[in-house]
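The values are calculated or read from the model by the stated rules, or taken from the named source; none is laboratory data. Only a predicted model underlies this, so the values are computations on that prediction, with no experimental measurement involved. Positions of Cβ are backbone-derived with ideal geometry, glycine not excepted, and every protein chain shown enters the neighbour counts.
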């Protein structure tokens, strides 16, 4: 039983800086064609919006599904209330990280280390065969820029609050 | 200055059903109407629809006048409209409007049709010859048409038009046209008209999914069509003769989906409104798909809120679901997917099951509604008036039809997309407002001239045949009627034969009148063309010459000649015409002159109920010089709105409005209020009712004579003992709350959480089985009022469907934006209220998360809907009118005659009809008053000649005829022990004659002798006889 007396009335403004959110009338246009709604458990952005509106803080913090969004933004195309569900999904991720450091994805450490997520430096052979330059002009190739980039990241609240994760990196 | 001699004239802009209805009302009240329509045809959207719920039939003709039907147009309205007082101007736009009420000068732009309808014979040879094709708008592009075409296939006469954008001026049509009716160089013309008032009925543009981005994920295949296109597919005059096929490959469609709110309820695209009609439209189409598509049909409607807010709408939904198996899914689809074989797939989230599903369909119908109001800005500039924040034209407070500019009224979908019943009601109401103005400025009315009829009752029947040879008109060389004339001269029973060049031309009128003056005959048989168009005109000419209406017949000579010419093997066209004349001659020979009676009308009205609708109707009539007896059973005026409502959701002051109405009624010399009285008995008919009213306490009675009745008995808030109502002062109904809150008895400061529960005791078997229409907007209204005083209050509205139709949608949107929480509940999982020591606790299941939730509420506010007045039952007996299963009065036709009862002269308005908002009740009251005025203003009624009668000596008093009469024209008088017929109510349909076992019921002009003679005449013909 969810006791709405206990619910956090203003959660919506804390999570998502878009007043359109509250116009949501749960029509389902965002979820009915969502690719991540095929995941198990499905991403149901409409339900996440509902949790935010109702102020169900604990339940929202426990939700893993925002992380399955594939950022195709089809929901945004069809939302009649301009809720921008995709933006909401990102906002929920951010909010979760701010409130629970275990939510911070390990890929952030990778980005901090390398300057980018994907290990693109591996296919040098194939690149050579195709006549492409063997090395990509990625950030890792420029140590001074990478250092600047790390300093920038450290200025963001979530990363500086959780500095320990990047120690020794 | 307006010309003193000019009769009162009104310009009606837009010839959809609302405009047509407004025009007909004014024409019947004796004013002249100019009916301008921007498209080349009249009828608007309705011209495309074959079926309307609840009967699923076409009933357009039912809006035609019921009284004086011999002289008014009696006709299939889908073909066209004819009325002596209405000048129809198709393909005409308003260019400018100058002046003021009583003297508007309007510039009309008459666009060139390029085909002269007066001489076009409608054979369509030009259409065959035209090499250019273009998509046919009438069938929504499902079929093609030519550049020269007939806009509406079922119009009579054929009104061809050239689409100048498509036409390449090759001139092929000119070559084949036998009558030189085509002029490709014709230019638009300007005509200046002077009118007293203007009724705007130009409708609203519809949302076009083909041009809008937000519909693209749906419009993936030819088999995805709009609801209007689907209507054309269902239509017998449509694309597949009424069978349901997929447009892409013509295969039968057996699985059909509807997607609701396409284009509507979309704040992001600036369309924050509900199009009001689409839910019922989709339900109707789904039901029709089952009826037309036969077994194996599967239908699914994807919706958000199923808005069945109108009278009997919810029952229709239940019938669609239960009897036809129409599946309703509450989910807005994101897209339609097309498989390689053309199958369409819709994926949706099934809330009840909590899982995604995929359904396959052969066709998908997009329930598209109105486009945003773009034309309104233009109209407001034309009228030099304002638009509202919602881009609507600015109305007077509480009036839906009266603009802030005097002498200009609106009706129909210009107010926002409306259903038929609202369109018709608004059309009548707008014409009522116009007629009030016309009376105020003393505009003259068209008077019917009385012509003395020659008394021929004792004469031998003598028939004159008057034939038109159609010279220079529809037949190039004219019909050579001389051999026919010679043949007819020898025919027994035809005493004179006259052949004229062309009966339809004004120049021939004198010649015709001369013939009628000189003839020794007393019966006339006209052979002309298009009886639909010319029958009335020819009969009128004959009438003016003193002939009896029932001794004049008109037959379609041209059509017979045309068929005969193309079928030379048969007996030839002359033979066919002779046969037709034989038949008609027999009918005329045995016809009796039927006479009409003139019944004086008592020019006063009885209005039952002193609520807003009753008072408004009374004032509206009194303003036009009709004396009104206003019967009120309580000791005060004001009714439900006067005691229960303080304000509207639009923030209008209801209580103030009611107060000023009460003052107006009490100050009016034309209204006598009978407080504390009820109607005990009523006899008589339209124009001559005698009713007995008595003191509610018993005792003293009074007799009142009056010409018409308006039932405005009102209603009241429903009662309930659900959700612990009555057990705690924290659980109240909406109006209990509204009163206590506006008086300050309930302090907003103490309200932390408020829970509103909708549909209490409503839309449920054994309870009020209908939607009360007003409660959703009512809940929003009070939620706003609470939050106005205490923005911290959390309001929850537990509902089954938010019925915020039309522009109420904006309030629903605003409420969500403010943080008001809406929860849907289903009948099988209603919320629960538990009274605790302190605050009541409300438990419910959130429909999105499917989780049980609870909240301690400072107040639980119940929307209990509207109940009909308990006096309806006795009034139904007194006035011999019907009540529906819910206790509201039944209209003569729920779509086309929405304020008339099935008894002529008895009208209804307000909650007596069905639950509705104050504005809507006022509009209905104006409409009911206008309907009553239309009859009362005549001063006398001329009963029709062709009516049904009773031969009392043959009558066995079995009363079958009383039961079958669809117009309540027959009744049994216990005292006289006789069947009585009300000649004004009788429409001569013949049901009584068919059902009578003793031939005691007869429809005059259709007696058995005549009918047998006609059959004999037909059989005397050898070729027919041989077959039989």
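The helices (runs of 4 or more DSSP H) found wholly in the stretch A:89-157 and carrying at least 2 residues that are within 21 Å of the chain's Cα centre (by Cα), modelled with pLDDT of 90 or more and over 29 Å from residue A:51 (Cβ atoms) occupy A:143-155.
Considering only the stretch B:339-353, I want to know if a residue exists there that is at positive phi and at pLDDT 95 or above.
No, the stretch B:339-353 contains no residue that is at positive phi and at pLDDT 95 or above.
For the structure I just gave you, tell me whether residue B:603 is in contact with a helix residue (DSSP H, G or I) (Cβ under 6 Å, 6 or more places away or on another chain), more than 27 Å from residue B:916 (Cα to Cα) and in contact (Cβ under 8 Å) with a residue 12 or more places away in the chain. In short, yes.
Take the conditions (1) over 20 Å from residue B:724 (Cβ atoms); (2) within 12 Å of another protein chain (Cβ to nearest Cβ); residue B:790 misses just one of them, which is (2).
Scanning the stretch B:569-595 for residues that are in a loop (DSSP other than H, G, I, E, B) and either surrounded by 20 or more Cβ atoms within 10 Å (Cβ to Cβ) or at positive phi (or both) yields a count of 1. Against the condition under 23 Å from residue B:718 (Cα atoms), touching a strand residue (DSSP E or B) at 6+ places or on another chain (Cβ under 7 Å) and within 9 Å of another protein chain (Cβ to nearest Cβ), how does residue B:872 come out, does it pass? When the stated conditions are applied, residue B:872 does not pass them.
If you take just the helices (runs of 4 or more DSSP H) that sit entirely in the stretch B:611-711, which of them hold at least 3 residues that are under 25 Å from residue B:905 (Cα atoms) and in contact (Cβ under 8 Å) with a residue 40 or more places away in the chain? By residue number, B:612-623.
Among residues that are surrounded by fewer than 21 Cβ atoms within 10 Å (Cβ to Cβ), modelled with pLDDT under 95, at the interface with chain B (Cβ under 8 Å from one of its Cβ atoms) and out of contact with any helix residue (DSSP H, G or I) (no Cβ under 6 Å at 6 or more places or on another chain), residue A:6 is not included. When restricted to residues that are touching a helix residue (DSSP H, G or I) at 6+ places or on another chain (Cβ under 8 Å) and either farther than 30 Å from residue B:409 by Cα or part of a strand (DSSP E or B) (or both), the stretch B:99-114 contains 0.
For residues that are assigned to a helix (DSSP H, G or I), more than 7 Å from chain A (Cβ to nearest Cβ) and over 20 Å from residue B:354 (Cβ atoms), tally how many sit in the stretch B:814-861.
Number of matching residues: 2.
Listed conditions (1) within 29 Å of residue A:12 (Cα to Cα); (2) in contact (Cβ under 8 Å) with a residue 12 or more places away in the chain; (3) crowded, with 17+ Cβ neighbours inside 10 Å are all met by residue B:876, apart from (1).
For (1) modelled with pLDDT under 95; (2) more than 29 Å from the chain's Cα centre (by Cα); (3) within 23 Å of residue B:81 (Cα to Cα), each residue gets a yes or a no:
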{"position": "B:115", "(1), (2), (3)": "yes, yes, yes"}
{"position": "B:118", "(1), (2), (3)": "yes, yes, yes"}
{"position": "B:123", "(1), (2), (3)": "yes, yes, yes"}
{"position": "B:126", "(1), (2), (3)": "yes, yes, no"}
{"position": "B:131", "(1), (2), (3)": "no, yes, no"}
{"position": "B:142", "(1), (2), (3)": "yes, no, no"}
{"position": "B:151", "(1), (2), (3)": "yes, no, yes"}
{"position": "B:154", "(1), (2), (3)": "yes, no, yes"}
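Within the stretch B:7-19, one or more residues are part of a loop (DSSP other than H, G, I, E, B), surrounded by fewer than 21 Cβ atoms within 10 Å (Cβ to Cβ) and modelled with pLDDT under 95. Against the definition (more than 14 Å from every other protein chain (Cβ to nearest Cβ) and either surrounded by 21 or more Cβ atoms within 10 Å (Cβ to Cβ) or at positive phi (or both)), how does residue A:92 come out, yes or no? Judged against the criteria, residue A:92 is a match.
Take the stretch A:35-55 and flag every residue that is in a loop (DSSP other than H, G, I, E, B) and under 29 Å from residue B:260 (Cβ atoms).
Taking the stretch A:35-55 and keeping what is in a loop (DSSP other than H, G, I, E, B), we get A:39-44, A:55.
Result: A:39, A:41, A:42, A:43, A:44.
Inside the stretch A:38-58, can you point out the residues that are closer than 24 Å to residue B:820 by Cα, free of Cβ contacts under 8 Å to residues at least 40 places away in the same chain and touching a strand residue (DSSP E or B) at 6+ places or on another chain (Cβ under 9 Å)? Those that are closer than 24 Å to residue B:820 by Cα, free of Cβ contacts under 8 Å to residues at least 40 places away in the same chain and touching a strand residue (DSSP E or B) at 6+ places or on another chain (Cβ under 9 Å): A:44, A:46, A:50.
Just name the residue that is nearest to the other protein chains (Cβ to nearest Cβ) out of those in the stretch B:793-813 that are in a loop (DSSP other than H, G, I, E, B) and within 35 Å of the chain's Cα centre (by Cα). Write out each step before concluding.
Taking the stretch B:793-813 as the starting set, the residues that turn out to be in a loop (DSSP other than H, G, I, E, B) are B:793, B:800-805.
Imposing the further condition that a residue be within 35 Å of the chain's Cα centre (by Cα) reduces the set to B:800-805.
Numbers: B:800: 14, B:801: 12, B:802: 8, B:803: 14, B:804: 10, B:805: 15 Å.
Once the filter is applied, the top-ranked residue is B:802.
Residues in the stretch A:66-75 that are in contact (Cβ under 8 Å) with a residue 24 or more places away in the chain and within 13 Å of chain B (Cβ to nearest Cβ): A:72, A:74, A:75. If you go through the stretch A:37-62, how many residues are within 18 Å of residue B:332 (Cβ to Cβ) and more than 8 Å from chain B (Cβ to nearest Cβ)? Total meeting the criteria: 4. Listed conditions (1) in contact with a helix residue (DSSP H, G or I) (Cβ under 7 Å, 6 or more places away or on another chain); (2) more than 23 Å from residue B:47 (Cβ to Cβ) are all met by residue B:365, apart from (2). Among the residues of the stretch B:398-410, are any in a loop (DSSP other than H, G, I, E, B), within 14 Å of chain A (Cβ to nearest Cβ) and in contact with a helix residue (DSSP H, G or I) (Cβ under 8 Å, 6 or more places away or on another chain)? No, because not a single residue in the stretch B:398-410 is in a loop (DSSP other than H, G, I, E, B), within 14 Å of chain A (Cβ to nearest Cβ) and in contact with a helix residue (DSSP H, G or I) (Cβ under 8 Å, 6 or more places away or on another chain). Residues in the stretch A:17-36 that are more than 8 Å from chain B (Cβ to nearest Cβ) and either at pLDDT below 95 or touching a strand residue (DSSP E or B) at 6+ places or on another chain (Cβ under 9 Å) (or both): A:17, A:18.
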